[in-house]
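Working notes, beginning with the structure itself.
The values are calculated or read from the model by the stated rules, or taken from the named source; none is laboratory data. What you are looking at is a predicted structure, and each value in this text was computed from that prediction instead of being measured. In this analysis, Cβ positions are derived from the backbone assuming ideal geometry, glycine residues included, and neighbour counts consider all displayed protein chains.
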Amino acid sequence: MWLPPNNVRHPIPDVRWPTAEEAAAARWFSPVALGPIVLEERTWVPAMVPWRATEEGFVTEEVLGWYERFARGRPGAIVVEATGVRDIPSGPLLRIGHDRFLPGLTQLVETVRRASGGHSRLLIQLIDFLAIKRRPEKEKYLRRFLAVTDRHRAALAGVAKTDDEVRERLLALPEAELEAVLTPRELESLRFGFRERVTDIERPNIRELPRVLPDIFAAATARAEKAGFDGVELHYAHAYTMASFLSALNDRPDGYGGPREHRVRLPLEVYRAARAAAGRKFAVGCRFLSDEVIPGGSHVEDATWFGVEFAKAGMDFLSLSRGGKFEDAKQPQVGWAAYPYTGESGYECMPTVYSDPRGPFGRNVPFAAPIRRAIRDAGLKTPVVVSGGIYGFEQAEGILARGEADVVAAARQSLADPDWFRKVRLGRGAEVRRCVFTNYCEGLDEKHKQVTCKLWDRAGLDEPGLKRTTDGKRRLVAPPWEAAAPAAGGLADGTDLPTT
Ligand SMILES: Cc1cc2nc3c(=O)[nH]c(=O)nc-3n(C[C@H](O)[C@H](O)[C@H](O)COP(=O)(O)O)c2cc1C
Ligand code: SF4
């Protein structure tokens, strides 16, 4: 994982937790409308892929368990992990690209409704992504994958005639000479693994993206509504297709790249198609980047402009993230694919306590605030969701009081303690298990291992019937909150004690 130069370890800030009365009067626990739906409170669990679906993308018991656990904390909203919109194999990533996924997704909705007592609204994040290959062995790449071109032949003129001879010569070249013969893209494919880009318009599937994606996202949106979700979050963030259209690196010459007016075109077309496929009571919003954090990428000025365009188009919410790109990802080992959270942009997406003087806490807020301000200045009320290093009540209240965002989301803190919103609401913040922001969970995500939190995944492993990770070493969900009930059998919010 990339770390800021001269980083220092920041302590987890001291916090003051509110009483139940204070919490009841707090902004964070007050309702907010996302277009046609209302969140009971402005607390939010953003999308987190836990690698628990089947290889075919179906919901499993483990997926249900993951969301059930978050639902017990009754946040205002939970966003289900990035879920593939196409009907193509994508490993153990949830999918919504065909009606056969509906029964599992419906069960997921029912599970969350039940576990949250109907209090949490449930959105699902819809993702499209392009092909990415594992880093090949050098011999394999030069002997099999590289398409021999006139450039290679010209560079080796006089020493190699046939394609096979060219390949063998390339293999024998010292690294510096090989660098001069291969194109930057070929070198990237050799050193990182081949990665498709939205700008590869010589490839028919890439050229056709603007033609096919609106319908694909629309069909997925209709399915999400059919399964019972309250809305969709179109994934326009991080390293994936739609974010790449918004990126300043997108120079497609077909009216979908270049100036920002062109880069926003497909995201707006996808949104309009999704909106048209949804009923009037269904929320449609997106997650996008307030800053790509890569050289040549879009920064907050572009993001502010995009935010206003999305709001004008009628999106029901805008959730902001930062970074998480392939462009600055670390070179993977041979046999592994690049992971978009290993460079500086990845750091900004999930910052740790090993940080620069700004520290990891609320690090994205200064980027979200101007976007929200511009939306308000345009006379629009679209709620803005911020996340990144959120750890406490007063921090969240301050963000809302200063008008920097409308909803304050926490991913890792909610993983560390899925009951934390509820504990705070009940005036029992002292019982919150606090995230230490060192990214053990993100390390598991990188290896596509079932995601758990180091603060609880070895606790109570001898409990009878406990569900464990496939390696048998960790528990899959946080232990129950052993709450002492104020009155026999129930908590102050009128519900039973947690039982699992
Ligand atoms: C294990 C893990 C999986 C994640 N998966 C997603 C995802 O599917 N979609 C997404 O937009 N963000 C994803 N994120 C990023 C989080 O939603 C969030 O933006 C980030 O962790 C920063 O917020 P935090 O500081 O509250 O953790 C993931 C984060 C983690 C730790
Ligand atoms: S593993 Fe570490 S960073 Fe991740 S949720 Fe747990 S304490 Fe936080």
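Among the residues of the range 68-77, some residue qualifies, meaning at least one is surrounded by 14 or more Cβ atoms within 10 Å (Cβ to Cβ), more than 22 Å from G362 (Cα to Cα) and within 16 Å of ligand 2 (Cβ to nearest atom).
The set of residues from the range 101-144 being without any contact (Cβ under 8 Å) to a residue 60 or more places away in the chain, part of a helix (DSSP H, G or I) and not charged (D, E, K, R) comprises P103, G104, Q107, T111, V112, A115, Y141, L142.
Just one of G460, G443 is more than 11 Å from ligand 2 (Cβ to nearest atom), farther than 14 Å from R52 by Cα and of a type outside the set (S, T, Y); which is it?
Only one candidate passes the filter, namely G460.
V408 fulfils the conditions (1) assigned to a loop (DSSP other than H, G, I, E, B); (2) within 12 Å of ligand 1 (Cβ to nearest atom) except for a single criterion, (1). Determine, yes or no, whether F317 is within 16 Å of ligand 1 (Cβ to nearest atom), closer than 21 Å to V49 by Cβ and either without any contact (Cβ under 8 Å) to a residue 60 or more places away in the chain or more than 21 Å from the chain's Cα centre (by Cα) (or both). Criteria not met by F317. Of all residues in the range 201-229, those satisfying the criterion of being surrounded by 16 or more Cβ atoms within 10 Å (Cβ to Cβ) and not hydrophobic (A, V, I, L, M, F, W, C) are P210, P214, T221, R223, E225, G228. Every condition in (1) more than 13 Å from ligand 1 (Cβ to nearest atom); (2) touching an Asp or Glu at 6+ places or on another chain (Cβ under 9 Å) is met by E40 except one, and the failing one is (2). Within the range 36-59, being part of a strand (DSSP E or B) and either in contact with a strand residue (DSSP E or B) (Cβ under 6 Å, 6 or more places away or on another chain) or within 15 Å of ligand 2 (Cβ to nearest atom) (or both) holds for I37, L39, W44, V45. Of the set (1) in the same structural domain as W28 (by TED's automatic domain parsing); (2) within 14 Å of ligand 2 (Cβ to nearest atom), all apply to L455 but (1). Scanning the range 412-447 for residues that are within 12 Å of ligand 1 (Cβ to nearest atom) and of a type in the set (K, R), we see that the one that is modelled with the highest pLDDT is R412. Restricting the range 197-212 to residues that are among the hydrophobic types (A, V, I, L, M, F, W, C) and in contact with a helix residue (DSSP H, G or I) (Cβ under 9 Å, 6 or more places away or on another chain), the residue that is farthest from A131 (Cα to Cα) is V212. Within the range 160-177, residues that are surrounded by 14 or more Cβ atoms within 10 Å (Cβ to Cβ) sit with their Cβ atoms under 7 Å from residues that are of a type in the set (V, I, T) and part of a helix (DSSP H, G or I), at 6+ positions apart or across chains, in these pairs: A160/V166; L170/V181; L173/V181. For the range 347-405, a residue qualifies if it is in a helix (DSSP H, G or I) and among the charged types (D, E, K, R), and the qualifying residues are E348, R372, R373, R376, D377, E394, E397. Is it fair to say V432 is within 16 Å of ligand 2 (Cβ to nearest atom) and either on the phi > 0 side of the Ramachandran plot or not assigned by TED's automatic domain parsing to the domain that holds V112 (or both)? For V432, the condition - within 16 Å of ligand 2 (Cβ to nearest atom) and either on the phi > 0 side of the Ramachandran plot or not assigned by TED's automatic domain parsing to the domain that holds V112 (or both) - is not met.
Residues that are in contact with a helix residue (DSSP H, G or I) (Cβ under 9 Å, 6 or more places away or on another chain) and either surrounded by fewer than 21 Cβ atoms within 10 Å (Cβ to Cβ) or of a type in the set (S, T, Y) (or both) within the range 114-128 comprise R114, S116, G117, H119, S120, listed in sequence order. For the range 22-35, the candidate set comprises residues that are surrounded by 15 or more Cβ atoms within 10 Å (Cβ to Cβ) and outside any loop (DSSP other than H, G, I, E, B); within that set, the residue that is farthest from the chain's Cα centre (by Cα) is E22. Condition first: within 15 Å of ligand 2 (Cβ to nearest atom), within 26 Å of the chain's Cα centre (by Cα), touching a residue at least 40 places away in the same chain (Cβ under 8 Å) and over 21 Å from P50 (Cα atoms). Can you find one or more residues in the range 412-419 that meet it? The answer is no; no qualifying residue exists.
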